[in-house]
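These notes are about the structure you will find just below.
The values are calculated or read from the model by the stated rules, or taken from the named source; none is laboratory data. None of these values were measured; they are calculated from a predicted model. Because the Cβ atoms are built from the backbone with ideal geometry, glycine has one as well, and the counts that use them run over all protein chains shown. Areas reflect the complete protein model, heavy atoms only, side chains present, ligands, DNA and RNA absent. Shrake-Rupley method; radii C 1.70, N 1.55, O 1.52, S 1.80 Å.
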Amino acid sequence: MWLRGQRAGLGPYRGDLVADYWRWEQDPGVIVGYGRQTPESLEARTEGYQHQARGTDDQLRFTVYDVTSTPVPVGTSSILIDHHVRTGEFFIMLGDPARRGNGIGTEAIRLTLDYAFHVTNLACVYLSVLAPNTTAIKAYERAGFRRIGERRNSGYWLGQRVNEVLMDAVPDDFPGPSAVKDLLRPAL
Ligand SMILES: CC(C)(COP(=O)(O)OP(=O)(O)OC[C@H]1O[C@@H](n2cnc3c(N)ncnc32)[C@H](O)[C@@H]1OP(=O)(O)O)[C@@H](O)C(=O)NCCC(=O)NCCS
């Protein structure tokens, strides 16, 4: 594991977990949250993983761990980087509904921003989230994202056309403490 907090940790994106990533991504809560409309086959997801694994210069991808007891992989977080302007688009999911609502998502978001600002040196991380996805919006706000606007009629939530909330985070807003800086701080 590369970064570790009280509830969540971040480690490498792993080929041996592709079937888990696929299973988590087919959870209806994740499909609705991501604005998708159909499940994906394991075969297509495995091909998608091969593509993702080759493109690491343009992506930050992490496995999210629940570290409240023996660490167990529970989801993924990622940022798709635009190197021209040093920005990136953020995504996260915890696959098992039973793992949600315990603060793991908030801490995983904060650790991903920590890495993005202090290792990858991004100047801005942004996202869009369906307006009714209040659990995700609260977690994003607690982790350091701010609302910057709303795009109207841009998605669906449980059969209804809804707006998307646009959010961003910049290094100056990072709430800290930084797990990256703690790792590099010389021992006293
Ligand atoms: C979005 C997502 C990653 C957030 O992760 P999470 O672990 O559920 O989020 P958190 O637990 O940090 O915060 C959300 C809720 O937990 C509560 N919470 C936070 N810390 C807590 C703690 N220490 N103890 C108990 N509850 C806590 C929050 O108050 C909030 O609850 P509420 O919405 O009922 O008010 C997760 O819910 C998920 O994977 N959803 C499906 C996929 C998705 O929608 N992704 C986002 C697409 S834009």
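Evaluated at q = 0.14, 0.17, 0.18, 0.19 Å⁻¹, a Debye calculation over the C-alpha positions of region 28-70 (equal weights, vacuum) places log10 I(q)/I(0) at -0.53, -0.75, -0.82, -0.88.
Glu47 contributes about 140 Å² of solvent-accessible surface, heavy atoms of the protein only, 1.4 Å probe.
With all pairs of different C-alpha atoms in the average, the Kirkwood value for the hydrodynamic radius of region 95-188 is 14.6 Å. Solvent-accessible area of the chain (1.4 angstrom probe, protein heavy atoms only): carbon and sulfur portion equals 51 percent. Averaging 1/r across all pairs of distinct Cα atoms in region 3-180 and inverting the result yields a Kirkwood radius of 16.6 Å.
What the phi angles of region 85-91 give under the Karplus curve with 6.51, -1.76 and 1.60, with θ = phi - 60°, is a coupling list of 10, 6, 10, x, 9, 9, 9 Hz, glycine and proline written as x. Across the options Leu60, Val119, Val129, the greatest Cα extent toward the positive end of the charge dipole of the chain (unit charges at beta carbon of Lys, Arg, Asp, Glu) belongs to Val129. When only alpha carbons are used to place a centre, region 36-67 and region 100-176 end up 19 Å from one another. In the chain, helices alone account for a calculated mean residue ellipticity at 222 nm of -9000 deg cm²/dmol, with every DSSP H run of four or more residues adding -39,500 (n - 2.57).
Hey, what D do you get for region 1-95 in µm²/s if you plug the Kirkwood alpha-carbon radius into Stokes-Einstein at 37 °C and 0.692 mPa s? The Stokes-Einstein estimate is 233 µm²/s. Across region 31-44, computed HN-Hα scalar couplings (Karplus, 6.51 cos²θ - 1.76 cosθ + 1.60, θ = phi - 60°) run 4, 5, x, 7, x, 8, 10, 9, x, 10, 7, 4, 4, 5 Hz from first to last residue, x flagging Gly and Pro. Take the chain with all the other protein chains still there, run a 1.4 Å probe, and you get 54 Å² of accessible area per residue. Net charge dipole, the chain: roughly 400 debye, given to the nearest 20, about the Cα centre with Cβ charges of +1 for Lys and Arg and -1 for Asp and Glu.
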